[in-house]
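One structure below.
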Ligand code: ASP
């Protein structure tokens with residue numbers, strides 16, 4: 001069985017096992033001993049440990065991978081004067097796709113009206129965190145100490161440092177060429193680590209999902225079905241419709257292949273609910289399987305994982321309309337435009353870890369003049385939606401990378417069109433895990 005299929009199978013098996021355990025723990029009566037084995041030894045023991053080790057090992061690769069990959073990319077582009085245009089195109093596309101995402105979410109939500117039939121009977125106690133001033137946010141992008149930036153995992157600071165290093169390498173003559181070779185070798189080594197980790201992914205994905213579903217009552221969805229399915233519908237519309245159209249019209253490529261190759265990445269995004277933890281796999285897929293040249297992918301993918309969150313913006317758009325409807329507030333045209341702007345900007349400020357989209361939602365609600373405590377209404381189903389929106393977030397990063405790479409001739413169409421392509425990285429695709 002191919003690795004992709006094994007990861008997808010692990011995903012389904014994890015969801016089924018978790019749901020079954022949830023039933024045994026909370027639904028039907030089973031002997032105490034069985035409950036103890038399931039709750040303490042499996043869910044709270046084995047699955048918890050395996051899942052946590054898996055996420056930790058993914059995160060372990062993020063900083064080295066972003067650093068070397070971006071240095072390689074920037075050093076090979078540095079003297080071609082293409083860095084500026086690539087950065088500009090990427091930023092514009094990231095903002096555009098997010099604005100489309102939140103607009104579609106508002107439109108769907110207004111048409112469906114998920115909050116119109118909901119009675120306010122929930123304890124609403126949500127404390128919103130204060131947003132930092134814009135000046136601080138800007139200054140914070142520039143690192144004063146690259147080691148601290150890496151230790152703290154400050155992605156934008158690492159991006160700035162790596163861009164500067166790569167650019168300097170391309171302008172440093174012979175020493176620059178020697179160092180560039182070193183970083184290219186490093187990149188091959190780190191990518192090979194990603195390959196090793198991917199071979200272990202089925203176990204990690206299974207453990208994470210089994211634990212999550214064992215602890216989470218799916219019943220929460222029933223109370224919030226209208227909200228849940230509206231968000232889900234817009235997420236799927238964006239994933240398959242909007243990205244497909246953009247890919248076709250801006251890059252002249254069929255979205256089918258992209259969707260086919262994104263499946264393992266979705267399994268990672270779905271089980272970790274973190275674009276940050278998924279980043280090694282996203283980057284690997286963009287470079288080795290989609291054919292995006294490292295000079296573009298090294299920049300666009302890490303940047304996208306940090307600032308481009310279309311799925312999150314979709315949740316925020318639907319949630320705003322939902323909360324307005326539950327509280328009986330009529331949103332004006334101005335309020336809708338404010339929501340589009342703030343959700344697009346909030347997506348830049350949303351950290352690529354689970355659940356943060358819900359926190360930046362406070363910002364959006366505040367700007368729209370809605371009660372921030374309304375967030376408490378949707379917390380119950382947020383984790384599930386987080387998994388799906390993270391998959392949308394990372395797909396947006398890869399789609400934009402492909403479009404930008406194609407327009408810059410930094411794209412290998414042969415690799416993109418080859419369903420089994422995995423150029424360069426020694427990914428043990430079909431064999432058992434080698435570690
Ligand atoms: N979990 C999301 C991500 O990492 C962010 C969010 O919407 O909470 O992409």
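Examine segment 134-147 for a residue that is outside any helix (DSSP H, G or I), surrounded by fewer than 16 Cβ atoms within 10 Å (Cβ to Cβ) and at pLDDT below 90, and state whether such a residue exists. Yes, segment 134-147 contains a residue that is outside any helix (DSSP H, G or I), surrounded by fewer than 16 Cβ atoms within 10 Å (Cβ to Cβ) and at pLDDT below 90.
If you check 47, 54, 126 for being at pLDDT below 85 and surrounded by 14 or more Cβ atoms within 10 Å (Cβ to Cβ), only one passes: 126.
Restricting attention to segment 256-277 and to residues that are surrounded by fewer than 20 Cβ atoms within 10 Å (Cβ to Cβ) and either without any contact (Cβ under 8 Å) to a residue 60 or more places away in the chain or farther than 18 Å from residue 2 by Cβ (or both), the residue that is farthest from the ligand (Cβ to nearest atom) turns out to be 256. Take the conditions outside any helix (DSSP H, G or I), farther than 22 Å from residue 344 by Cα, more than 11 Å from the ligand (Cβ to nearest atom) and in contact with a helix residue (DSSP H, G or I) (Cβ under 6 Å, 6 or more places away or on another chain) and apply them to residue 253. Does it pass? For residue 253, the condition - outside any helix (DSSP H, G or I), farther than 22 Å from residue 344 by Cα, more than 11 Å from the ligand (Cβ to nearest atom) and in contact with a helix residue (DSSP H, G or I) (Cβ under 6 Å, 6 or more places away or on another chain) - is met. Scanning segment 1-22 for residues being exposed (fewer than 14 other Cβ atoms within 10 Å of the Cβ) and over 14 Å from residue 209 (Cα atoms) gives a total of 3.
Of all residues in segment 233-244, none satisfies being buried (at least 24 other Cβ atoms within 10 Å of the Cβ), within 16 Å of the ligand (Cβ to nearest atom) and part of a loop (DSSP other than H, G, I, E, B). Here residue 378 meets each of (1) touching a strand residue (DSSP E or B) at 6+ places or on another chain (Cβ under 8 Å); (2) under 29 Å from residue 211 (Cα atoms) with one exception, condition (1). The residues listed here are 118, 102; of these, the one that is out of contact with any strand residue (DSSP E or B) (no Cβ under 8 Å at 6 or more places or on another chain), modelled with pLDDT of 85 or more and surrounded by 13 or more Cβ atoms within 10 Å (Cβ to Cβ) is 102. All of (1) farther than 14 Å from residue 348 by Cα; (2) in a helix (DSSP H, G or I) hold for residue 312 with one exception: (1).
Can you find even one residue in segment 283-293 that is in a helix (DSSP H, G or I), farther than 21 Å from residue 73 by Cα, touching a residue at least 60 places away in the same chain (Cβ under 8 Å) and within 20 Å of the chain's Cα centre (by Cα)?
no
Look at (1) within 14 Å of the ligand (Cβ to nearest atom); (2) buried (at least 23 other Cβ atoms within 10 Å of the Cβ) and you find that residue 284 fails only one, number (1).
Among the numbered conditions (1) in contact with a helix residue (DSSP H, G or I) (Cβ under 7 Å, 6 or more places away or on another chain); (2) without any contact (Cβ under 8 Å) to a residue 40 or more places away in the chain, the only one that residue 245 does not meet is (1). In segment 300-317, what residues are within 20 Å of residue 137 (Cα to Cα) and away from the ligand (no atom under 12 Å from the Cβ)? Within segment 300-317, 302, 303 meet the criteria.
The values are calculated or read from the model by the stated rules, or taken from the named source; none is laboratory data. None of the values given here were measured: they were computed from a predicted structure. In this analysis, Cβ positions are derived from the backbone assuming ideal geometry, glycine residues included, and neighbour counts consider all displayed protein chains.
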